[in-house]
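For reference, the structure discussed in these notes is given below.
The values are calculated or read from the model by the stated rules, or taken from the named source; none is laboratory data. Just so it is clear, the model here is predicted, and its values are computed rather than measured. Here the Cβ is made from the backbone with ideal geometry for all residues, glycine too, and neighbour counts use every protein chain on show. In case anyone asks, the SASA skips ligands and DNA or RNA and just uses the protein heavy atoms, side chains included. Shrake-Rupley method; radii C 1.70, N 1.55, O 1.52, S 1.80 Å.
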Amino acid sequence: DSGVTQTPKHLITATGQRVTLRCSPRSGDLSVYWYQQSLDQGLQFLIQYYNGEERAKGNILERFSAQQFPDLHSELNLSSLELGDSALYFCASSGTVSYNEQFFGPGTRLTVL
Amino acid sequence: GNSVTQMEGPVTLSEEAFLTINCTYTATGYPSLFWYVQYPGEGLQLLLKATKADDKGSNKGFEATYRKETTSFHLEKGSVQVSDSAVYFCALLGGSEKLVFGKGTKLTVNP
């Protein structure tokens, strides 16, 4: 158990819909990262937050957005969903002590029908 | 930009066989290097890491050495077990703090 939790575990929805994925980092970790794992693209970095502020952006679509709240949990919002958005979405966190080590949650599997 | 290339699988071995999964990288500066493992139906777990040249990371019988001269970080294990069946990802962390992953190598170990 990495200490990073993600909900829900599975999500099935239809094209055009909007969903929210939630992540709680390990206790004390200030950084949260979101990654997408798909068969086509492999594992890709989407976005990073540090203590509530956006820190880095990767290949994140404009239809996707994220935020980190004062209690450090993070949400990834995916809107106008397309079939191609079906993937496993991972959240990871890192702290100031092990800053170069990211701990991954179990992931949320999104299926868009 | 930074990139990781790892040998494509799948790799199928018999129990107690020797394992090597090749990984090479392209990066500016001095990245940290990692191997992550993903067991069926689970998330990613850090297997081992190395943060500077000639460092050797090791865990659970797996080893990898950070070779700057060949820009490589090959994963090895002397004697694999059925329980090692999983997908293995090589990754690097540069100055941007985002992990860059290889495509993954699926390992199946048969009894």
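Rounded to the nearest 0.05, the FRET efficiency derived from the C-beta distance between B:SER85 and A:ILE12 at R0 = 30 Å is 0.60.
Computed from label points 7 Å out along Cα-Cβ, the spacing between B:LYS103 and A:LEU39 is 1.4 nm.
Buried surface for the A/B pair, taken as the accessible area of each chain alone minus that of the pair with a 1.4 Å probe, is close to 1500 Å² in total. A Gaussian network model of chain A, with springs between Cα atoms under 10 Å, assigns the largest mean-square fluctuation among A:LEU43, A:LEU72, A:LEU61 to A:LEU61. In region B:84-111, burial by the other protein chains removes 10 Å² or more of 1.4 Å probe accessible surface, compared with the chain on its own, from B:PHE89, B:LEU93, B:SER96, B:GLU97, B:LYS98, B:LEU99, B:PHE101, B:LYS103. Could you pull out every residue, at least 5 positions away or on a different chain, whose amide H is within less than 5 Å of the one on B:LEU47? Hs are placed 1.01 Å off N in the peptide plane, and Pro or chain starts have none. Placed amide hydrogens put B:TRP35, B:TYR36, B:VAL37 under 5 Å from B:LEU47.
Taking only Cα atoms of chain A, what ratio of Rg to Rh do you get with Rh as the Kirkwood inverse-distance radius?
Dividing the radius of gyration by the Kirkwood radius yields 0.95.
For region A:15-113, the set of trypsin sites (Lys or Arg not before Pro) satisfying both a DSSP loop assignment and a count of at most 15 other C-beta atoms within 10 Å is given as A:ARG18, A:ARG63. Under a Gaussian network description of chain B, with springs only between Cα atoms under 10 Å, the residue in B:LYS56, B:LYS77, B:LYS98 that fluctuates furthest is B:LYS98.
Annotation: per residue accessible area for the protein assembly as shown equals 48 Å², rounded to a whole number [probe 1.4 Å, protein chains only].
Contact order, relative form, for chain B: 37 percent (alpha carbon pairs under 8 Å, 6 or more residues apart, mean separation divided by residue count). Of the GluC sites (Glu not before Pro) found in region A:8-68, the ones in coil according to DSSP and having at most 16 other Cβ atoms within 10 Å of their Cβ are A:GLU62. So how far, in whole Å, is the C-alpha centre of region A:29-89 from the one of region B:1-66? About 24 Å separates the Cα centre of region A:29-89 from the one of region B:1-66. In loop segments of region B:54-83 as defined by DSSP, the GluC sites (Glu not before Pro) with at most 13 further C-beta atoms inside 10 Å of their C-beta are B:GLU69.
Of the whole protein surface, A:ILE12 contributes about 120 Å² of accessible area at a 1.4 Å probe radius. Kirkwood's formula applied to the C-alpha pairs of chain B gives a hydrodynamic radius of 13.9 angstrom. Measure off, as a whole percent, the carbon and sulfur share of the 1.4 Å-probe accessible area of the protein assembly as shown, all protein chains present. Roughly 48 percent of what the probe reaches on the protein assembly as shown is carbon or sulfur.
Using 1/(1 + (r/R0)^6) with R0 = 22 angstrom and r between the beta carbons of B:THR28 and A:GLU53, what's the FRET efficiency to the nearest 0.05? Efficiency computed from Cβ-Cβ geometry: 0.30. Once C-alpha pairs closer than 8 Å and six or more residues apart are averaged by separation and normalised to the residue number of chain A, the relative contact order reads 37 percent. A Gaussian network model of chain A, with springs between Cα atoms under 10 Å, assigns the largest mean-square fluctuation among A:ASP71, A:ASP85, A:ASP29 to A:ASP71.
The 1.4 Å probe gives accessible areas that order B:ASP55, A:ASP1, largest first, as A:ASP1, B:ASP55.
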